[in-house]
1. Can you pull out every residue in region 39-48 that is in contact (Cβ under 8 Å) with a residue 12 or more places away in the chain and within 12 Å of T12 (Cβ to Cβ)?
2. Give the residue that is farthest from the chain's Cα centre (by Cα), with candidates limited to residues of region 43-60 that are among the hydrophobic types (A, V, I, L, M, F, W, C) and surrounded by fewer than 19 Cβ atoms within 10 Å (Cβ to Cβ).
3. Can you confirm whether A40 is among the small types (G, A, S), surrounded by 13 or more Cβ atoms within 10 Å (Cβ to Cβ) and in the same structural domain as N123 (by TED's automatic domain parsing)?
4. Which pairs have Cβ atoms under 6 Å, sit 6 or more apart or on different chains, and link a residue in region 93-115 that is assigned by TED's automatic domain parsing to the domain that holds V62 to one that is modelled with pLDDT of 80 or more and not aliphatic (A, V, I, L, M)?
5. So is S76 in contact (Cβ under 8 Å) with a residue 24 or more places away in the chain, hydroxyl-bearing (S, T, Y) and out of contact with any Ser or Thr (no Cβ under 6 Å at 6 or more places or on another chain) or not?
6. Do we find a residue being outside the structural domain of E94 (by TED's automatic domain parsing), touching a residue at least 24 places away in the same chain (Cβ under 8 Å) and charged (D, E, K, R) anywhere in region 5-14?
7. Could you list, in sequence order, the residues of region 113-162 that are exposed (fewer than 13 other Cβ atoms within 10 Å of the Cβ) and under 27 Å from G179 (Cβ atoms)?
Amino acid sequence: MNQLVAEKSISTRNAIIEAAHEQVYKVGFRKMSMEDIAHAAGLSRAAIYLHFKDKADLIIAVMKWMGAVDLEHLKSIARQKGSNSEKAREFLREHILVKMHRCQKVSSSLDELFTYVRQAFLNYRVEMNRQVAGVLTEILIQGRMDREFIFDDAYRTAETLVYTTLSFMPYSLSNEELGDLDLITEKLDAVIDMGLRSISAKTPAINSEAEHKRHPRLSRTNTGRN
């Protein structure tokens, strides 16, 4: 009986989180209410407060739920066959771009959302980055075994690569930057290329023409500044 109660409690909690996730994208963080979430989940407002103390607590649970989904996606990349360098590149891109695409839909309420749950979110972000670096470590270790990478400390190297991309996270960007995904992606790719080049066992000479083709908008921007 206790197991059944526990399973029902987990099921109810998940239903609330999924309903809140839907409401964030439907009406935005500011406009979403506990009443709307309860209605979407088929529950009473009181039932929500049995699981979450307030809207901030619920939003953090939504973020953790989405983070768990994203982490599984990254793990699937790590399990793929092929070049470890390409897997690492795809891993670092997806770590950012999945969140970019998601947050574009709620960009108008991001500032308010992150302000509302700032400290709890920062605490969660530290743990999430640790887990992401842990998965990337597996790719790097295999890459070192396959003589693709050279480095001393696998986890520290993975952690550094993850942290070099964090400036592209949605909460670090303005609404204008979030609206120009192509340019942000080119900048992200340039940073990832630089990081992976630094640990490559066979660092190629930089071909300027090839670099311009890979990052055309960045090349035009840099040329205009000189």
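1. A41, G42, L43, A47, I48, listed by residue number.
2. Only one residue fits best here, namely A46.
3. no
4. I96/T165; I96/F168; V98/D70
5. So S76 does not fit the description; no.
6. Yes, there is a match, as at least one residue in region 5-14 is outside the structural domain of E94 (by TED's automatic domain parsing), touching a residue at least 24 places away in the same chain (Cβ under 8 Å) and charged (D, E, K, R).
7. The answer is T115, R118, L122.
The values are calculated or read from the model by the stated rules, or taken from the named source; none is laboratory data. Fair warning: this is a prediction, and the values are worked out from it, not measured in the lab. Backbone-built Cβ (ideal geometry, glycine too); neighbour counts: all protein chains shown.
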